Amino acid sequence: MDISASIHLLGDLLGRVLSEQESPAIFAVEVRIRLAAKTRRTGDEAATRSAGQSLSSEVANISPETARAIASAFALYFDLVNLAEDAQRVRALRQEEAENDAEPVEDSIGQAIAALHARGVTPLQVEALLGNLSIELVLTAHPTEAKRRTILSKIQRIAQFLVELDHPDLLPRERQACHDALYAEITAFWLTARTRTARKQ
């Protein structure tokens, strides 16, 4: 499944979750906001102006509770798009390795080792180099990168189901089981708070 199909599937499942966990009316607002924002980026001056006015009007007239749901939907959507992009990157790397079995994948550890070997660097020199390396852990405090363990586990499970959907010999019932499992995980993701409201004791 290519990235476009993955994003389409995940977006459709999220739409179902938003309709069922919030309401079809909130989902309709989300769709209007998304389409207006997309049209606003087309570059056509008249369409951009009209979409911008629609977007401003839509956003100005939503309640705080609807705004919360819409913001949560977009945050979850972007998490899902990132997963689809990661899955596509893994797919591309696997395909490259399958097509170039004799050669290491570009920018891989295997390619780095082959380059060192080609330059005449000996195993003892590599060992000495590694022995002198100083590696330090750098932690980011950026709030968009900090995720609860519960959220990370859901992201990992969704990613695994995307991998399973790539198997070409999946039976229709197995494909449907993957879709159902993805829907359940996205629902659970929706119902899980992104941040703790209280410190663990």
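Tabulated data for the structure shown
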quantity	calculated
Among (1) modelled with pLDDT of 85 or more; (2) among the aliphatic types (A, V, I, L, M); (3) within 30 Å of Glu164 (Cα to Cα) - the single one Ala98 does not satisfy	(1)
Criterion violated by Ile62 - all others in (1) surrounded by 11 or more Cβ atoms within 10 Å (Cβ to Cβ); (2) assigned to a helix (DSSP H, G or I) satisfied	(2)
Subset of segment 18-59 that is assigned to a helix (DSSP H, G or I) and β-branched (Val, Ile, Thr) - its residue that is surrounded by the fewest Cβ atoms within 10 Å (Cβ to Cβ)	Val31
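Here is a yes/no grid of residues against (1) assigned to a helix (DSSP H, G or I); (2) surrounded by fewer than 10 Cβ atoms within 10 Å (Cβ to Cβ); (3) not assigned by TED's automatic domain parsing to the domain that holds Ser23:
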position	(1), (2), (3)
Ala87	yes, no, no
Gly120	no, yes, yes
Gln156	yes, no, no
Gln160	yes, no, no
Arg173	yes, yes, no
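The values are calculated or read from the model by the stated rules, or taken from the named source; none is laboratory data. Since the model is a prediction, treat every value here as computed from it, not as a measurement. Ideal geometry is used to build each Cβ from the backbone, glycine not excepted, and the neighbour counts take in all protein chains shown.
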